[in-house]
Structures are given as C-alpha cells and as structure tokens.
Amino acid sequence: MMQTEPIFNDNLKNEFTTRFGSSPEFIVSAPGRVNLIGEHTDYNDGFVFPVAIDKYLHIAASPRSGRQVHLYALDMNEEAIFSLDAPDESDTPAWCKYLKGVAHLLQEMVLSNIGQTLQGMSAVITGNVPIGAGLSSSAALEVASALAFLGVCGLEISNTGVETKADITLIELPPTELAALCQRAENEFVGVNCGIMDPTISLLGKTDHALFLDCRTLGYEQVPLNLTDILLVICNTNVKRELASSEYNKRRTECERGVEIMQQWMPSITSLRDVSLEDFKKYEAELPQITQKRCRYVIEENTRVQSAVSALIAKDISTFGTLMNESHTGLRDAYEVSCDELNVLTDIAQNIDGVIGARMTGAGFGGCTVNLVYSDVVETFQNRIMKEYTQRTGIEPDIYVCNVGDGARINWHTES
C-alpha cells in the first residue's frame, strides 16, 4: 500500500472537519510523474518509460446530498461550488475545469453504463506535486478527482490493489480506460492537448518500478528498477516559455509530414512507430532536412526506450545512463526542444562523478531535468547544481530528491 505523508493527511483531515463539520469519508492520493526516457514519442504511437514519484495530490472527500460539488483548494486558499446538473453555469477558478471535465465524462462514459448517477461531493484539495514544473500536477488532479467522484458514489475500480471497505462496489474499469477519460477531460474541458502517459502512470505507478508503456496499444509492463543506492533527482530550471506550445504543434506536424512522405514507399505505415531505423535510412534523403531530423530522433528514441528496458532487466545501469544522455543529445540537436537552461543543468550533471545519466524531461523549452545519482553523491550533486547553474544562468533552480512511489489509491481509513 502506498505510504502517504501522515502529517500532510492529518492537516488535510483537520481542514476538512473545520470546513464541513465532520471527518472525510476517505482521502485519495495520486502521484506526479517523471519520464526516465522516451520523450515526444507518445504522439507518434511510440514507447515511454515513466515512473510515479513520491509527491502526491491529495483529496479529502465525503458525499453530500444533492448534486452540488463544494471544493476548497487549500494551497491556493480558493473555494469553488458548482452543480453537476449545470457545471458551466458557475463562475469557478481555472483549476476547477479539471474536476468539471472528469465529472461530466465519468457520468457519460462510466456511470450511465451501470445505471448510476454521480453524487454531490464535499472536498478539500492539497498536495506537494510542484505546479508548472512538468511533473504532471494536472494529471494527478484529474486522476485523484476521478477516484474521488467514484468514491462518493460508493464505487472503486477493482484493481487498485489495496484493501477497500465492505460496502464499496468494485467496478471493472481498466486503469488505461480511466486514464483515457482523464486525458480527454484535459483535452476537451481545459484545452490542453496532453498525451496518455501522464494519467496512466499516475494510476499504474508502482514502488521501485518504471512503466514500459506502448502508447498505441496501451499495453504495459512493470519493470523493476533495481536502483540500489541510487536516487532520482529532479532539477527544475524555473523557466517556462510560451514557445513550448507552438513548437510542440510544429514537431507533431513535421512527424506527420514525414509519415505522409514515406508512405509512398511504405504504404502500410500510419506513424513513425512503424518505421525501423533501417527502413528510415533508405528514404531519409527524400525528406526535407528539418523533417528528416525530427523523424530520425523519434525513431531512434523508440529504439532507445526498448534498449533501456532491456538494460534495466539485465541490471546494466551504466548502459541505461548512457541511453539517457543520448536521449538528451537527440532532444537538443535533432528535435530541438531543449533550451540553454536545460542544457546547462544537463552539462553540469553529466560532469559530476556518481551521476549515472541526465536528460531533460517533458515537453521542453524549460521545465526539468531528470538525473540518476548515487546516494552518497547526492549532497555534492545538489551543491554543484545550485552553485554552477545559478552562476551560469542567474536563476536559482529547485531540486527534488525523489523516490519512486505507488500509483493513485483511496484510503478509506481516515479516522486517527
């Protein structure tokens, strides 16, 4: 069972009791994530290799009579109230769109199929997943809210893997289907064109394992990390440029263009996932130079992900680190989604003894790097990063030393 922060949850329970007059019936906890390798492959039907990190979004909740949802975001000191019958008619903060979208789709896609109606909810939300750092705080909110809305209806998906209450009805809803629902909520209700990886790892994360996810079939494998005496260290550049959104769309377009051109010789392909490096070499000269660079990166990255999984299974952490470094080089030079700050962080890290691998993670143009660091070097690593990155950029980074945690769960035992 996932270990959540006891003080965090005590504070959350106390806040809920103060606001709503009784203890919450349950607390949902959903983790953020970081992708170890496999960047910009998801929308090309490729492979990704994320882990859930031990930073969580918590929702303390209880059912309420009627169809109103009363929310309080503790960290923002913001309230929101909306009706499940007319969610768009209420003026609520931007973060509330995630919950409105999830609620609407749960009723439409899940509850209607089993003859149930969504119930009102009282909830307090808090968490320690950094917002805007590219660690998927939004996916954690979507996943936690989905489980919370199910919980107030007396429902829980059957494969969460933890003990539940006797009066709870378990429903057969694969985690990948619930993840797709959360993805759709963010796409349609928030207007962010996110991929399937983030909600999937938030649901399926497993302590000391990474998730090898096929973004086409949604098939997955839990792969033991075998990171003895190794910690996951995430470094936040503390820069985020609006360029990321427009450039993201350009990269997607270039990849699609490459597929269209190569279909002249390989008519059966539908995405870069279907193109081997050997076949690509036969036809790459026919592609415009920019398109050629983008496609080559994606095809090589898919191969790197599969090689990285094999390396971990063989407990070859050195090879895994080399593949991480190569991934960053490809993102920097061929896919061109890195930035000066990400490159500085990666350069510093890769030149510290005891760092196994370092790369940018996420969409790029800011955000974070992910680093595998031997535990006895972590303090040196932090000191070097803080000093040298600040000297070279004039920006002070944030550094998160993380463990690999479990996926989202409902904790029904909220009484002390």
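Checked against the criterion of being of a type in the set (Gly, Ala, Ser), over 25 Å from TYR43 (Cα atoms) and part of a helix (DSSP H, G or I), segment 373-389 has at least one qualifying residue. Can you find a residue that is within 29 Å of GLY405 (Cβ to Cβ), open to solvent by less than 80 Å² (accessible area, probe 1.4 Å) and among the hydroxyl-bearing types (Ser, Thr, Tyr) anywhere in segment 175-184? Within segment 175-184 (the criterion being within 29 Å of GLY405 (Cβ to Cβ), open to solvent by less than 80 Å² (accessible area, probe 1.4 Å) and among the hydroxyl-bearing types (Ser, Thr, Tyr)), the answer is yes, since at least one residue qualifies.
Listed by first and then second residue, the pairs with beta-carbon distance under 6 Å, at least 6 apart or on different chains, first residue in segment 222-248 and under 16 Å from GLU341 (Cβ atoms) and modelled with pLDDT of 85 or more, second surrounded by fewer than 20 Cβ atoms within 10 Å (Cβ to Cβ) and of a type in the set (Asp, Glu), are ASN236/ASP398.
Against the test of being over 21 Å from ALA30 (Cβ atoms) and among the β-branched types (Val, Ile, Thr), the options THR253, THR207 yield a single qualifying residue, THR253. Would you mind stating whether VAL143 is at pLDDT 95 or above, assigned to a strand (DSSP E or B) and touching a strand residue (DSSP E or B) at 6+ places or on another chain (Cβ under 9 Å)? So VAL143 fails the test.
Considering only residues of segment 30-73 that are aliphatic (A, V, I, L, M) and out of contact with any helix residue (DSSP H, G or I) (no Cβ under 6 Å at 6 or more places or on another chain), which is surrounded by the fewest Cβ atoms within 10 Å (Cβ to Cβ)?
So, considering only residues that are aliphatic (A, V, I, L, M) and out of contact with any helix residue (DSSP H, G or I) (no Cβ under 6 Å at 6 or more places or on another chain), the one surrounded by the fewest Cβ atoms within 10 Å (Cβ to Cβ) is ALA73.
In this structure, ILE261 does not qualify as open to solvent by less than 60 Å² (accessible area, probe 1.4 Å) and either outside any helix (DSSP H, G or I) or touching a Gly at 6+ places or on another chain (Cβ under 6 Å) (or both).
Could you check, for segment 347-364, whether at least one of its residues is in contact with an Asp or Glu (Cβ under 8 Å, 6 or more places away or on another chain), in a helix (DSSP H, G or I) and over 30 Å from PRO174 (Cβ atoms)? Taking every residue of segment 347-364 in turn, at least one turns out to be in contact with an Asp or Glu (Cβ under 8 Å, 6 or more places away or on another chain), in a helix (DSSP H, G or I) and over 30 Å from PRO174 (Cβ atoms). Only residues that are hydrophobic (A, V, I, L, M, F, W, C) and over 23 Å from the mean Cα position of the chain (by Cα) were counted in segment 318-346, giving 2.
Restricted to strands (runs of 3 or more DSSP E) entirely inside segment 22-93, those with at least 2 residues that are basic (Lys, Arg) are 50-64. Residues that are more than 23 Å from SER138 (Cα to Cα), acidic (Asp, Glu) and either touching a residue at least 40 places away in the same chain (Cβ under 8 Å) or open to solvent by less than 50 Å² (accessible area, probe 1.4 Å) (or both) within segment 363-416 comprise ASP376, GLU388, GLU396, GLU415, listed in sequence order. Could you list, in sequence order, the residues of segment 102-129 that are in a helix (DSSP H, G or I), open to solvent by 10 Å² or more (accessible area, probe 1.4 Å) and among the β-branched types (Val, Ile, Thr)? The one that is in a helix (DSSP H, G or I), open to solvent by 10 Å² or more (accessible area, probe 1.4 Å) and among the β-branched types (Val, Ile, Thr): ILE114. Taking segment 312-329 as the range and being open to solvent by 10 Å² or more (accessible area, probe 1.4 Å) and in a helix (DSSP H, G or I) as the test, the residues that pass are ILE313, ILE317, SER318, THR319, THR322, LEU323, ASN325, GLU326, THR329. In segment 126-142, the residues that are acidic (Asp, Glu) reach residues that are part of a helix (DSSP H, G or I) and open to solvent by 20 Å² or more (accessible area, probe 1.4 Å) with C-beta atoms within less than 7 angstrom, at least six apart or across chains, in these pairs: GLU142/TYR98. Can you say whether ILE269 is more than 21 Å from GLY362 (Cβ to Cβ) and either assigned to a helix (DSSP H, G or I) or not hydroxyl-bearing (Ser, Thr, Tyr) (or both), as far as the supplied structure shows? Considered against the rule, which asks whether it is more than 21 Å from GLY362 (Cβ to Cβ) and either assigned to a helix (DSSP H, G or I) or not hydroxyl-bearing (Ser, Thr, Tyr) (or both), ILE269 comes out as yes.
Within segment 188-240, the residues that satisfy the criterion of being among the basic types (Lys, Arg) and in a loop (DSSP other than H, G, I, E, B) are LYS206, ARG216. ASP88 falls short of the stated requirement of being at pLDDT below 95, open to solvent by less than 60 Å² (accessible area, probe 1.4 Å) and touching a helix residue (DSSP H, G or I) at 6+ places or on another chain (Cβ under 9 Å). Within segment 187-215, the set of residues being among the charged types (D, E, K, R) and modelled with pLDDT of 90 or more comprises ASP198, LYS206, ASP208, ASP214. Number of residues in segment 352-409 that are charged (D, E, K, R), farther than 26 Å from GLU301 by Cβ and under 18 Å from the mean Cα position of the chain (by Cα): the value is 2.
The values are calculated or read from the model by the stated rules, or taken from the named source; none is laboratory data. As the structure is a prediction and not an experimental result, all values here were calculated from the model. Positions of Cβ are generated from backbone atoms using ideal geometry, with glycine treated the same way; all protein chains shown enter the neighbour counts. Heads up: the accessible areas ignore ligands, DNA and RNA and are worked out on the full protein's heavy atoms, side chains in. Shrake-Rupley method; radii C 1.70, N 1.55, O 1.52, S 1.80 Å.
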